[in-house]
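First comes the structure, then the notes that go with it.
The values are calculated or read from the model by the stated rules, or taken from the named source; none is laboratory data. Please read these numbers as outputs of a predicted model, since none were measured by experiment. Heads up, the Cβs are rebuilt from the backbone with ideal geometry, glycines too, and the neighbour counts pull from every protein chain shown.
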Protein chains: 2
Amino acid sequence: MPGQTATKESTKVLLLEKGTDIMLEKGYNNTGIMEVLQATGVPKGSFYHYFESKEDFGLQIINHFEQSYRDKVQLTIGNKDLNPIERLRAYCNGGIENFQTQKCRKGCLIGNLSQEMADQSEIFRKRLLEIQTEMTKRFVDCFEEAQKAGLINASYNCKDLAESFQAGWAGATVRAKTSKTVEPMQAYVRFTFEHVFKP
Amino acid sequence: MPGQTATKESTKVLLLEKGTDIMLEKGYNNTGIMEVLQATGVPKGSFYHYFESKEDFGLQIINHFEQSYRDKVQLTIGNKDLNPIERLRAYCNGGIENFQTQKCRKGCLIGNLSQEMADQSEIFRKRLLEIQTEMTKRFVDCFEEAQKAGLINASYNCKDLAESFQAGWAGATVRAKTSKTVEPMQAYVRFTFEHVFKP
């Protein structure tokens, strides 16, 4: 039988995962703590044992989401069995598959909250920017490796390319969410891999 | 002196403009009617004279925003004194200037509400998709004209390019909102005009 610590830990994870789920659909402001409690059956007192406030809950959800996102990125962008462009393709294909599985709903929590919270909370904005900036570094490394291998044009500025790729992919996801088809993501992949990610 | 009709019309426009302003910063769900009334000094009863509900107010704000957005697009993408690529550059430069003026806050109402509302309201989603699709057509026309003039690669699929451009520009705007600098928009413009919008 799990000890009390394990149970506590799993209650906290349950709250974070259900919170992520609801926040992905409804955003931060529109997610009520009561709704999360009702969906998990956790009493209010317990919630405040794990989280100081709704803001703390939101920030911990971001950290929790970031960890699972990092794991996905590691499996694709971190896969050294593939060349850098194949890794980017695996990343995009994984994103399309994932978005299809969730019926073109939700999207990326980091992108969603960046749009929703950047003007509303400096704490959220700074944390989200930190995550975006760290991701940019990973993409810059990947593009630099592609450039050294002669897979993309030698005159590209890899920082500008990484910024443009992150912007394009995030934007395509929002367009897919709006059209409720993955076609905008597929159009982005078709165009970019055929015409941009090349020598 | 303005007649009653003119006054009514200006009260409605006042509500729409203040509503747009608040909704651009806080989103649809987080904007309260009371806040709009307090900011404009319009009594509650008058509000419901012009708008059936908050949803109706939101939809009319979208229409109002779309009209002013169309006017801006007409001045850049519709400017036949410029070649198609120069028109796109004028559009992007205008966007950067505008975003700088508003201190990298707010962003594009269509993009913001698409992200916030696409999973929450079919009425909003369909209206926002309609606007996005109409804009895509304008960009497709512009790219086709550029292609005929030999300004962009003859092998580009202009529909995929227009989708990618709209996605990239929207994503760059959200990144600019998060970083509170226009650098992500500038990086997108530098890369795209130097390497993508060319023969």
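The table below lists the values:
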read-out: Hits in the stretch A:114-146 (condition: in a loop (DSSP other than H, G, I, E, B) and within 11 Å of chain B (Cβ to nearest Cβ)); value: A:ALA118, A:ASP119, A:GLN120
read-out: Filter pass, A:LEU24 being within 14 Å of chain B (Cβ to nearest Cβ), of a type in the set (A, V, I, L, M, F, W, C) and in a helix (DSSP H, G or I); value: yes
read-out: Qualifying residue in the stretch B:75-85 (condition: modelled with pLDDT of 95 or more, surrounded by fewer than 17 Cβ atoms within 10 Å (Cβ to Cβ) and acidic (Asp, Glu)); value: yes
read-out: Subset of the stretch A:2-19 [modelled with pLDDT under 75 and either within 26 Å of the chain's Cα centre (by Cα) or loosely packed, with under 12 Cβ neighbours inside 10 Å (or both)]; value: A:PRO2, A:GLY3, A:GLN4, A:THR5, A:ALA6, A:THR7
read-out: Some residue of the stretch A:152-166 being within 20 Å of the chain's Cα centre (by Cα), facing another protein chain (nearest Cβ under 7 Å) and under 12 Å from B:ASP160 (Cα atoms); value: no
read-out: Count of residues meeting criterion [within 14 Å of chain B (Cβ to nearest Cβ) and within 20 Å of A:ALA149 (Cβ to Cβ)] in the stretch A:87-109; value: 1
read-out: Qualifying residue in the stretch B:69-91 (condition: in a helix (DSSP H, G or I), hydroxyl-bearing (Ser, Thr, Tyr), under 19 Å from A:GLN115 (Cβ atoms) and touching a residue at least 40 places away in the same chain (Cβ under 8 Å)); value: yes
read-out: Qualifying residue in the stretch B:49-59 (condition: of a type in the set (S, T, N, Q) and at pLDDT 95 or above); value: yes
read-out: Unique match (being more than 21 Å from B:ASN153 (Cβ to Cβ) and surrounded by fewer than 20 Cβ atoms within 10 Å (Cβ to Cβ)) among A:GLU122, A:GLU194, A:GLU163, A:GLU116; value: A:GLU122
